[in-house]
Amino acid sequence: MQQLNDFLLFIDSFIGSAIWFPYALLGTGLFFTIYLKFPQIRYFGFALKIVKGKFDKADDEGDTSHFQALATALSGTVGTGNIAGVALAIHIGGPAALFWMFVTAALGMCTKFVEVTLSHKYREKTADGTMAGGPMYFMKNKMNMKWLAVAFAIATVLSSFGTGSLPQVNSISNSLNATFGIDHMATGAVLAILLAFVIIGGIKRIAAVTEKLVPGMALIYFIGAFAVIFYNLSNIGPSIVSIFADLFTGSAASGGFIGASIAFAFNRGVNRGLFSNEAGQGSAPIAHASAKGHEPVSEGMVAILEPFIDTIVICTVTGLVLLSSGVWNEKHVNDFQVSDMSIVLGTDYTDQSDEGITKLYGHISGETPLPVFSGDLDVADGSIQNEVAIIHARSLAEDITITQNGSLYSGKVNILDGKPVDLDVIFTGKSLVHSAPLTTIAFTKGFFGDWGQYIVSIGLLLFAFSTAISWSYYGDRAMTFLLGSGSVKYYRIVYVVAFFFAAFTDTTIIWTLSAITIAVMTLPNLYGILYLRKDMKNTLEEFWVSFKKEHPDEKTPE
């Protein structure tokens, strides 16, 4: 299994995690922003009118309203990335990473506009009377490239498991077990039953659930977030300044944070922004294709709101919670993760001087690595006896103890290339933390105190579960494209069963596979919308001509 995971990581290094991948996404968004003259700005207000149903017609074809399609797509994008992804971006890139998330979202709004418009335009009515759309349909119906459409659809089915189902329930069960002590299998069983009840009803039941779930979960999350923001109101000004202050110089060292270059801030901000709002991936257009409408452009305009809500609003709120609470650059007691550890020779390291910070940063960035320790660590009553230091989570760890089965450990721990080989012992100490644990700590620094951690756990539960619901529909429509409507019921059974088992099994390999399948979805989709750029422009022009005839008194933002 490890060999397979290593092989997938090797493939991912050339596709999903390759340095050129985010530039392809950003470049496409920038191209269409200029080509279509900043539609994400000009049409934003008009999009709000469409969501409210102002221009709906009684005979519009489709399965859901504009708002339901938006809610379904948002439930797929608003997920653990909004809680954990922002914390990881700031942890690695510093406050400046938030700015690049904003930029990514702004360009992503335009990409969403284009991919949703084209997917809605070339959608089809299936044998069971429901609508089916997405990039695979414009690849087949307009580009005449069915092989590319098939590749996209297969990748969508795999991504529905790798992105939407298995890792989500795994995150939920781990969070509920850590916070409330609930058994992993019990969590999987209850949520699998709920998931089956929702998705068996098809898009209409999914939409009916998501249109209530998305506003509800956002409200709960915002209550907890603003309890922290208002509690630390005096820190909001400096927090906002910190986002822009080091924009072109890199984030300076602060507290336990040893600094980040411009490249780190840019890469992490762009990476987290792209994977938070999924602009360019081609997933959200599948949900929007179900929306009622007599023409496609209006639904494309609705999609403009998605990256704005997901990244500019929710991710910004999370970022301000992390920055204003001050926890992002503080060291906290935590159990060390082997993947984040590096045991180095010597003890004369410090993060309290410029020289010390330069040494540590050189090691973490890989520019000037420090000599790492290999051999046996001698441990007595939980304390390391060797002349070594531990760097964990991009910080110099302090007050380290080693335990085994809850008791202080005495003996030897085998270390290879700076990392423990014996995984039956736990390293605990003070260091920076990241991802969901960092956001959890931040939520305890407000009016709710320690109760704030439960809001994060509930948020993770709702965000992740809603993602699983939406991605089941994406896989459903991909199966319909590949094998017809009759295959959907079998897909749903497998989806729910896999969801249950993933609650208590290791999903590492699934995360790796999902990174590859996301890239296999994204690259054909970007190629497709660029290929159909003239079609998109003509469709937009025709929309405004038709709209003026139908609504001569309505002011248009063209």
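Odds and ends about this structure:
- Looking across Tyr454, Tyr409, Tyr473, one residue alone is surrounded by 16 or more Cβ atoms within 10 Å (Cβ to Cβ), more than 33 Å from the chain's Cα centre (by Cα) and more than 24 Å from Gly93 (Cα to Cα). It is Tyr409.
- The one condition in (1) part of a helix (DSSP H, G or I); (2) open to solvent by 30 Å² or more (accessible area, probe 1.4 Å); (3) hydrophobic (A, V, I, L, M, F, W, C) that Met301 fails to fulfil: (2)
- Some residue of the range 221-237 being among the polar types (S, T, N, Q), open to solvent by less than 40 Å² (accessible area, probe 1.4 Å), modelled with pLDDT under 85 and over 30 Å from Arg477 (Cβ atoms): no
- Filter result for the condition that a residue is out of contact with any Leu (no Cβ under 8 Å at 6 or more places or on another chain), surrounded by 16 or more Cβ atoms within 10 Å (Cβ to Cβ) and within 30 Å of Phe222 (Cβ to Cβ), over Phe427, Phe447, Phe443: Phe443
- No other residue among Leu460, Leu432, Leu438, Leu416 is touching a helix residue (DSSP H, G or I) at 6+ places or on another chain (Cβ under 8 Å), open to solvent by 10 Å² or more (accessible area, probe 1.4 Å) and either in contact (Cβ under 8 Å) with a residue 12 or more places away in the chain or among the hydroxyl-bearing types (Ser, Thr, Tyr) (or both) apart from Leu460.
- For Thr80, the conditions (1) crowded, with 24+ Cβ neighbours inside 10 Å; (2) over 27 Å from Arg533 (Cα atoms) all hold with the exception of (1).
- Selected residue (only one of Ala189, Ala208 is over 30 Å from Pro95 (Cβ atoms) and at pLDDT 90 or above): Ala189
- Of all residue pairs spaced 6 or more apart or on separate chains, those with beta-carbon atoms under 7 Å, a first member in the range 93-110 that is in a helix (DSSP H, G or I) and a second member that is of a type in the set (D, E, K, R) are Gly93/Arg268; Ala96/Asp246; Ala97/Arg268; Met101/Arg272.
- For the range 43-71, a tally of residues being within 29 Å of the chain's Cα centre (by Cα), closer than 25 Å to Glu124 by Cβ and modelled with pLDDT under 90 returns 10.
- Entry remark, the range 121-136: residues being part of a helix (DSSP H, G or I) and either in contact with a strand residue (DSSP E or B) (Cβ under 6 Å, 6 or more places away or on another chain) or open to solvent by 10 Å² or more (accessible area, probe 1.4 Å) (or both) number 1 in total.
- For beta carbons closer than 7 Å, sequence separation of 6+ or different chains, a first residue in the range 481-496 that is within 12 Å of Asp128 (Cβ to Cβ) and a second that is open to solvent by less than 20 Å² (accessible area, probe 1.4 Å), the qualifying pairs are Val488/Asp476; Val488/Thr480.
- Members of the range 329-388 found to be outside any loop (DSSP other than H, G, I, E, B), at pLDDT below 90, surrounded by fewer than 16 Cβ atoms within 10 Å (Cβ to Cβ) and under 31 Å from the mean Cα position of the chain (by Cα), listed by number: Asp335, Val338, Ser339, Gly362
The values are calculated or read from the model by the stated rules, or taken from the named source; none is laboratory data. Computed from a predicted model, the values in this text were never measured in an experiment. Virtual Cβ from ideal backbone geometry, glycine too; neighbours counted across all protein chains shown. Remember, those area values only see protein heavy atoms, side chains included, never the ligands or the DNA or RNA. Shrake-Rupley method; radii C 1.70, N 1.55, O 1.52, S 1.80 Å.
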